[in-house]
1. Compute log10 of I(q)/I(0) for the stretch 1-133 with the Debye formula, placing one identical point scatterer on every Cα and leaving out solvent, at q = 0.20 Å⁻¹, to two decimals.
2. May I ask you to evaluate 6.51 cos²θ - 1.76 cosθ + 1.60, the Karplus curve with θ = phi - 60°, for each residue of the stretch 146-156 and list the ³J(HN,Hα) values in order in whole Hz, giving x for glycine and proline?
3. Going by average Cβ neighbours within 10 Å, how do the peptides 173-180, 75-82 rank, with the highest at the top?
4. Taking Rh as the Kirkwood radius, which is the inverse of the mean 1/r over Cα pairs, what is the Rg/Rh value for the stretch 218-283?
5. With axes computed from alpha carbons, what is the tilt in degrees of helix 185-196 against the longest principal axis of the chain, rounded to the nearest 10 within 0 to 90?
6. Taking the Cα atoms only, what angle lies between the long axis of helix 356-373 and the longest principal axis of the chain, rounded to 10 degrees?
7. Please list, ordered by chain and number, the residues whose modelled amide H lies under 5 Å from the amide H of ILE144; skip anything fewer than 5 residues away on the same chain.
8. Counting only DSSP beta bridges with both residues in the chain, what percent are antiparallel, rounded to the nearest 5?
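Quick note: the coordinates plus some simple rules give every number you see, no bench work behind them. The structure displayed is predicted, hence computed values, not measured ones. A quick note on method: Cβ atoms are made from the backbone with ideal geometry, for glycine too, and the neighbour counts reach across all protein chains shown.
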Amino acid sequence: MPSLGNQEYIRDMNSRIVLGQIIRQEPVSRAALAKTLGLTKATVSSIVQTFIDQEYVVEIGSLNTGKGRKPILLKFNGDCAYTLSVYLSVDSTFILICNLRGENRQFFSYPPAGPHPQKRLCQYIRLAANCCPPSRYGIVGITIGILGIVHNNRIQFTPYYDLDSPDLARQIQEEFKVPVRLENEANLSALGERTFFHNHPSLISLNIHTGIGMGIILDNRLYTGQFGYAGEFGHTIIEPGGKPCPCGNRGCIEQYASLRAIVDMYRQAIKNPTADASDLCQAYLEHQPQARACVETFIKYMSIALNNILNIFNPDMIIISSILTEKIPGLIREIEQHMSNTFNRNCCFVAASHSQETSILLGGACLAAKNFLKVSDLQFCKTSNETAPDSGAAAPVS
């Protein structure tokens, strides 16, 4: 006879699988869940009833099959709890409160948290949390996206904040008594895009700002490497012996193709130290020669970068998030046209679905929701313009 501990473990694992399948397949009946997962109807009914009691799942009516008893349909109840996501950018602090489906979104923007962000960050979180709608569980998790490297929920390196302690998550968790996760902003961007907008098992999200960060989703999982350094694409060398980089190398691609590098190039070309990215984009659209030369430099290095990414990862999709691709129509297409790699025919290149900070914050919401629900994957985008292969349901534990 199995021990009580084993029985509890099996039920817990099956519960996670059932909840994950409800989210993927909703609206769905108990009978359909049992058939898909290979569990008995009694097991599924018992698990579902627990979820209904916990308000994770709601019944939304019946399905008219034309014969026999109408099966009652189930749907995941995202309003049972809320998440709070923070993005510490260089110029601002962005916060998003949303439910577990990424809906009922409330955005907040505050001044930079400063070089020592702990105290001011707590103030910002408290202000935003006071606006959270009522729910059974309230705010169940906080995610903080940073420009830097994170490993084991601790900051390993960041060039933008002078933290009193790398254990920022523990400090915030002690203040608000909910789980807190730290993550690199590009990783969160990839999670946000895949969870809410693009149903692909493998995708790359390229965030181009003061540097160049890359979030990597492979086989439906975020890939961060052994110590969290995977995705530091801005520090791959594109010009041997080239411009010095703060990382210690020379010729890193972010010294040539980051937003900061391109805007600096434009400022020097027009001899205007206050020109910004919006000025550059407008001048490009007005066919100003200096602006067009700067954007052509961006196109040149981005085409090389995307070619390298294609050959290393072979993703279904590459998402490019930059103010340049937001404001200049057809820019991604121009980059594609500069690529001669025959492999790119099987990869879809798209702009970010929303602003860069929105994708990052939604990725944070995904991370907090997964942690609360204890599921390995969330996917609220049921279809994509480019249909992804069906990865199938996870196998139940017996």
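1. Values returned for q = 0.20 Å⁻¹ are -1.05.
2. Going residue by residue, I get 10, 8, x, 9, 10, 9, 6, 6, 10, 6, 8 Hz, with x marking Gly and Pro.
3. 75-82, 173-180
4. Rounded to two decimals, Rg over Rh is 1.13.
5. Taking Cα atoms only, the helix is inclined about 50 degrees.
6. So the inclination is approximately 30 degrees.
7. VAL86, ARG181, LEU182, GLU183
8. 60 percent
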